[in-house]
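The values are calculated or read from the model by the stated rules, or taken from the named source; none is laboratory data. Small disclaimer: the values here were computed from a predicted structure and weren't measured. Every residue, glycine among them, receives a Cβ derived from its backbone with ideal geometry; neighbour counts consider all protein chains shown. Quick note on the areas: whole protein, heavy atoms, side chains included, nothing else; ligands and nucleic acids left out. Shrake-Rupley method; radii C 1.70, N 1.55, O 1.52, S 1.80 Å.
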Amino acid sequence: MTNLGKPPDFDAVVIGAGFAGLGMLRRLRDEDGMSVQVYETGDGVGGTWYWNRYPGARCDSESYVYCFSFSKELLQDWDWSGKYPEQPEILSYLNHVADRFDLRRNIQFNTRVTSARYLEDTSLWEVETDQGDRVTAQFLITGIGCISSGNVPDIKGLDSFQGEWYHTGSWPHEKVDFAGKRVAVIGTGSSGIQSIPVIAEQAAHLSVFQRTPQYTVPARHGTVDRKFIEEQIKPNYEAVLNKARWSAGGFPIDRDERSALEVTEAERMESFEAGWAEGGIRFLGTSFKDISMDRRANDTMSEFIRNKIREMVKDPETVEKLLPTDHPFGSKRPLIDTNYFDTYNRENVELIDIRHSPIQEITPKGIRTEDQEFEFDMIVFATGFDAMTGTYFKMDIRGRNGLSLKEKWSEGPKTYLGLQTVGFPNMFMITGPGSPSVLSNMPMSIEQHIDWIADFLQYMRRGEINSVEADENAETAWVAHVNEVAEPTMYMLADSWYLGANIPGKPRVFMPYVGGLGNYRRKCNEVADNGYEGFILDAGRR
Ligand code: N01
């Protein structure tokens, strides 16, 4: 059957109703007059913040920059209560945005996109869902997040466990009651270190199963500083956000332009202490310029944190287990915690080192490691995600000549600017692999993509261009550049999910773009100014 000459059902299908999907829908529908259908698996908006409801979940970006910036009124009207936004409040914010801009009428909830196929004869996408929808659209836009496919490790015996078990990334909507329970948490990444202190306060006993010791920095979380917001942020919001937009990480902060190695030991310690007292992303973000690039500079900061762990944790054996020595600080996602290390001073908390005594199996009553057997009422998997590509591969996405995205990316994702991949015309990714995404304050990256994609679609319309596809040479050059900038950084020195190292069999490729959001924005603008160089624009057939 051919759709030749038949108009598509929608101008664009957008997958996902988190920050990316909501923002994309609003822009295309309300500013550009396009017809848009959003499909969302959950029964509400929120994306990451819909699914990650685990105890202690909140964002590591300070709340005043973790938001949309398309509406001045929204920026002025919304008041965050915490210095860092907590999961329930971010979810309220996104629900508020959905209501305020009347977005729900174009979102179909409880609907998972199962496949998307590019129809070469018409340059349209045909999208199918698990609810029986089959629709066509000129553009397919993914707003599916980077860390949205939960990874429950394939441990023998999980089916036999008689207690309750949860993954942090698909937490129940009802309250999980830890009172009086013996609880295990497996994993000490961002989700683990946020949930562990909260669970420890409620559970009868908590056992933390740690594979890799972590560096983590105190968040210094608290209520928002209203005076700061009212006097320094709200009257200057556009300037504050603009600074964030052009910065490396999407935050309006300045790093110290000195090398950690050119100052005296006393000056270095003074700087680290000041950063530690301030806490959060500022500890690393405002520090010396070479911490992420020079191993010797990094060692000074890594050792500073190890010393803090030695000071904070009382039991010397636990200290030894907690000290990160096999990778430099910042080579895995920097963690920001509240009372994480103090938690190990509690009587009801124990730390199990599974690097040296790995988990052998899950038993009906608990967990058996190489040298011990434990009984639990509950197991919490804080074991992360099949990041950046996992959610793409859950759908059967096929481009030209029936090529599947899974085949195309079998050796790791290949994209031009993280926005398109060769062979998949008219498909755009919001914060796809090869873009700064997870190495930046996400809403800043998401909004940059939304505006850039929408501007491109308008350009196409004006030029009567029906189809657009990244050029092979441009993609190859971009992939090489993404690798080249990652190579000298600390990021290459740890087994992280950035490299796909957490998923057995996943190709080891550094997936996000480490060159910084400001530089990336500059590059995207140059591409647009040069008539979208690196893209093949085709009047196509319709
Ligand atoms: O997942 P992770 P996450 N057996 O992959 C361990 C964002 N986020 O959900 O380090 C035993 O970081 C694994 O051990 P190892 C943020 O970008 C943001 O915590 O691989 N252990 C590790 O300790 C973050 O980076 C926020 O050796 C296993 C842990 O599980 C990303 O999401 C909050 C294992 C997984 O850590 C993912 O964070 C939460 C196994 N088979 C998340 N497999 C904020 O903004 C894995 N592990 C605050």
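Dipole magnitude for the range 382-526: about 200 debye, using +1 per Lys or Arg Cβ and -1 per Asp or Glu Cβ, origin at the Cα centre.
Note the full-extension length gain between Asp77 and Thr325 as 0.36 nm times their separation in residues minus their Cα-Cα distance, in nm to one decimal. Gain in length upon complete extension: 84.7 nm. Accessible surface computed residue by residue for the range 111-180, with neighbouring protein chains in place and a 1.4 Å probe, gives 45 Å² per residue. In the frame of its principal axes, the range 1-140 has Cα extents of 55, 32, 22 Å, reported largest first. Against the chain, whose longest principal axis comes from its Cα atoms, helix 190-202 is set at around 50 degrees. Here the simple spin-label model places points 7 Å from the Cα toward Cβ, and for Asn345 and Glu230 these points are separated by 3.6 nm.
Placing +1 on the Cβ of every Lys and Arg and -1 on the Cβ of every Asp and Glu, with no other charges, gives the range 73-207 a dipole of roughly 380 debye about its Cα centre.
Can you pull out the trypsin sites (Lys or Arg not before Pro) in the range 125-182 whose DSSP state is coil and whose Cβ has at most 13 other Cβ atoms within 10 Å? Walk me through the intermediate numbers first.
Working: sites: Arg134, Lys156, Lys175, Lys181, Arg182; in loops: Lys156, Lys175, Lys181.
Passing sites in the range 125-182 are Lys156, Lys175.
Between His356 and Ala179, the simple spin-label model (points 7 angstrom out along Cα→Cβ) gives 3.8 nm.
What number, in nm² with one decimal, is the all-direction average of the projected area of the convex hull of the alpha-carbon atoms of the chain?
Details: hull surface 100.0 nm².
Result: 25.0 nm².
Summarising the label geometry, the points placed 7 Å from Cα in the beta-carbon direction at Ala528 and Arg461 lie 1.5 nm from one another. Hull volume per residue, based on the alpha-carbon atoms of the range 71-137 and their convex hull, is 147 Å³.
When exposed loop sites are taken as GluC sites (Glu not before Pro) in a DSSP loop with at most 12 other Cβ atoms within 10 Å, the longest stretch of the chain clear of them is 1-173.
Computed over the alpha carbons of the range 238-386, Rg followed by Dmax gives 19.1, 57 Å. From the alpha carbon centroid of the range 87-160 to that of the range 185-230 is 29 Å. Cross-link check: pairs Lys83/Lys308; Lys83/Lys234; Lys181/Lys365; Lys156/Lys332; Lys414/Lys506 evaluated at a Cα-Cα cut-off of 18 Å; pairs beyond the cut-off: Lys83/Lys308; Lys156/Lys332. Direction-averaged projected area, Cα convex hull, the range 357-431: 7.8 nm², rounded to one decimal.
Considering only protein heavy atoms and a probe of 1.4 Å, how much of the accessible area of the chain is carbon and sulfur, as a whole percent? Present the calculation step by step, with values, prior to reporting the outcome.
Working: 10170 of 22110 Å².
That fraction is 46 percent.
Axis of helix 295-312 versus longest Cα principal axis of the chain: the two differ by about 50°, to the nearest ten degrees. Count neighbours as other Cβ atoms within 10 Å of each site's Cβ, and list the trypsin sites (Lys or Arg not before Pro) in the range 238-281 that are DSSP loop with at most 11 such neighbours. Here no loop site has a sparse enough neighbourhood. The angle separating the long axis of helix 87-100 from the principal Cα axis of greatest extent in the chain is about 20 degrees.
Beyond 18 Å, the tail of the calculated P(r) for the range 118-169 holds 60 percent of the Cα pairs. For the range 354-509, the solvent-accessible area with a 1.4 angstrom probe is 37 square angstrom per residue.
Beta-bridge orientation, the chain: approximately 40 percent antiparallel, per DSSP, counting only bridges with both partners inside.
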